[in-house]
Amino acid sequence: MNQYETERRLSWCYGLLAILLGVSVISTAIPYNHWRATLDVCPGSWLENTNCGCIFYGVSTFQYFSGGHNSYCLYVIFAPLPIIVYALVMTLFHMYRVCINNIGQYESEKSTTVEEIEGESIIVTSRARTSQTNDAVIYCWIPTSCIAAVFTIYNLVHAAIMTDGFLKTCQQYRGYLVRELHATGDHATAIHFRLSCQAIFDFMDYIQKDAPNSRRGDFINTGIALQLALITTWLAVILWIVVAAYTAIRAYKERDVMTCCGN
């Protein structure tokens, strides 16, 4: 794979990363904004600012179903924003190089043409790649591969917290649902072990009562929104691994220019 092909694939990867993480942020922000007033019913006096309106890490109490601390949702929503900005910048950068400069497009390639001038055949060889000494980007492969590795771990932690918070809310609401529906026997067993989290959040959308002095507005599909956020976040983790691999491979191929290893 030459440099042109590598940068072309990287432009697609970075663009998809920005889109996936943008969808994840939106899909999390909508349920958070929808539920934060309703779930903010932490036990305590009115003087306490408990801030428990997060849809993640919900807790079933003896009287209410309260959300997790708002810091969880704020982290899940705002943590991807620096990555999105970086991905957009890298997308534009690689698209410019691929679409306008065609950097490295003819690496390891030669084009031979035969021209006839005044009855004589002249062989012309052209279209050689841009000289490595003129392309300073080759010195950036190691830093970009390191940044991609760091963002892979960063995004992995973000996805793990989202997944854990989603499952904790789902599990806690199962118990709350059993209590609210006075389910016993097989009914309680079905709620705890057979219903999917999508079904549990469907119950939440329609039977969860508003907290005093709060209104949720229209119904939303909380389960679909949160699962879409989880899917796009985990896909972003996979794409970061791909980006780290591409940049690391390219850095290895250019080792004779960047270091003394090729001498």
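Any read-out appearing in this document is the output of simple, stated calculations on the displayed coordinates, not a laboratory observation. Note that this is a predicted model, so its numbers are computed, not measured. Cβ atoms come from the backbone with ideal geometry, glycine included; neighbour counts cover every protein chain shown.
In this structure, residue 184 and residue 78 have a Cβ-Cβ separation that, at R0 = 45 Å, corresponds to a calculated FRET efficiency of about 0.55.
Nearest 0.05, what FRET efficiency do residue 253 and residue 156 give at R0 = 35 Å with Cβ-Cβ as r? In this case the efficiency is close to 0.85. Computed log10 I(q)/I(0) for segment 1-94 at 0.15, 0.18, 0.20 Å⁻¹: -0.66, -0.79, -0.88, from the Debye equation with unit scatterers placed on every C-alpha and solvent omitted.
Simple spin-label estimate for residue 196 and residue 89 gives 4.0 nm between the two label positions (7 Å along the Cα-to-Cβ direction from each Cα).
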